[in-house]
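Novice: Here it is, the structure, as structure tokens.
Any read-out appearing in this document is the output of simple, stated calculations on the displayed coordinates, not a laboratory observation. The structure presented is a predicted model; accordingly, all values stated were derived computationally and were not measured. Cβ placement follows ideal geometry from the backbone for every residue including glycine, while neighbour counts extend to all protein chains displayed.
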Amino acid sequence: MKKLIRVGHGFDAHRLVEGQVLVLGGVEIPYHQGLQGHSDADVLIHAICDALLGASGLGDIGKLFPDTDDRNRNRNSREFLTEVHRLLQSHAIGVVNVDATLVAQAPKLAPFVDSMRSNVSADLQLDQSFVNVKATTTEGLGFTGRGEGIAAHVVVLVEQSIG
């Protein structure tokens with residue numbers, strides 16, 4: 001049986017607002033603001049979902065979990081990731097690795113990265129050594145640098161069994 005290797009890229013960004021809980025990678029992070037969105041606005045999980053769906057040619061997170069569907073209101077984004085993983089499996093697609101970068105001026109995210117990696121690896125049934133999460137700032141530049149929001153960039157590698 002042959003393996004087809006495919007790469008995907010995902011990006012997501014949400015605005016920081018008062019009165020919301022900050023959740024990244026399924027980890028609740030103590031901060032005076034959270035991300036605004038229809039679900040829990042977890043930009044890391046959303047970007048991972050988009051990268052996986054893109055690599056697999058299966059659309060995007062907005063197509064699968066539209067913000068027009070009330071079932072997705074305040075939904076835990078880890079549920080999205082689990083569903084995306086099941087969808088990939090139904091197409092004989094396996095996740096090889098995930099490499100993610102969170103972009104935020106504040107709060108400091110390094111203390112939470114290992115928990116994020118643990119959540120993502122559990123949801124994808126992937127050894128944690130194949131999931132990498134990094135955090136960076138933009139040195140005060142752009143919307144993330146001004147503390148207006150948080151963004152995530154993700155690259156994934158998937159393999160599909162064919163023939």
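Novice: For a quick check of your reading of the model, give me the residue pairs whose first member lies in segment 24-36 and is of a type in the set (Asp, Glu), whose second is assigned to a loop (DSSP other than H, G, I, E, B), with beta-carbon atoms closer than 7 Å and at least 6 apart or on different chains.
Specialist: Glu28/Val21
Novice: Out of all the residues in segment 106-121, is one or more surrounded by 14 or more Cβ atoms within 10 Å (Cβ to Cβ), in contact with a strand residue (DSSP E or B) (Cβ under 6 Å, 6 or more places away or on another chain) and under 20 Å from Arg6 (Cα atoms)?
Specialist: yes
Novice: Additional query: Picking from Gly62, Gly54, which residue would you name as being more than 16 Å from Ala151 (Cβ to Cβ), among the small types (Gly, Ala, Ser) and surrounded by 17 or more Cβ atoms within 10 Å (Cβ to Cβ)?
Specialist: Gly54
Novice: Kindly provide the set of residues from segment 2-36 that are part of a loop (DSSP other than H, G, I, E, B) and at negative phi, ordered by number.
Specialist: Applying the first criterion (part of a loop (DSSP other than H, G, I, E, B)) to segment 2-36 yields 19-21, 25-26, 30-32, 36.
Answer for segment 2-36, where residues must be part of a loop (DSSP other than H, G, I, E, B) and at negative phi: Gln20, Val21, Pro30, Tyr31, His32, Gln36.
Novice: Every residue in segment 80-103 that is assigned to a helix (DSSP H, G or I) and either over 14 Å from the mean Cα position of the chain (by Cα) or touching a residue at least 60 places away in the same chain (Cβ under 8 Å) (or both), please. Lay out the reasoning, then the answer.
Specialist: Going residue by residue through segment 80-103, those that are assigned to a helix (DSSP H, G or I) are 80-90.
Across segment 80-103, the qualifying residues are Arg86, Leu87, Leu88, Gln89, Ser90.
Novice: Right, next: Against the condition charged (D, E, K, R), closer than 18 Å to Met116 by Cβ and exposed (fewer than 15 other Cβ atoms within 10 Å of the Cβ), how does Glu83 come out, does it pass?
Specialist: Details: charged (D, E, K, R): yes; closer than 18 Å to Met116 by Cβ: no; exposed (fewer than 15 other Cβ atoms within 10 Å of the Cβ): yes.
In short, no.
Novice: For segment 49-79, which positions are in a helix (DSSP H, G or I), touching a Ser or Thr at 6+ places or on another chain (Cβ under 9 Å) and within 21 Å of Leu109 (Cβ to Cβ)?
Specialist: Cys49, Ser77
Novice: Same structure again: Evaluate the following for Asn132: is it part of a strand (DSSP E or B) and touching a helix residue (DSSP H, G or I) at 6+ places or on another chain (Cβ under 6 Å)? Working first, answer last.
Specialist: Numbers: part of a strand (DSSP E or B): yes; touching a helix residue (DSSP H, G or I) at 6+ places or on another chain (Cβ under 6 Å): no.
Answer is no for this residue.
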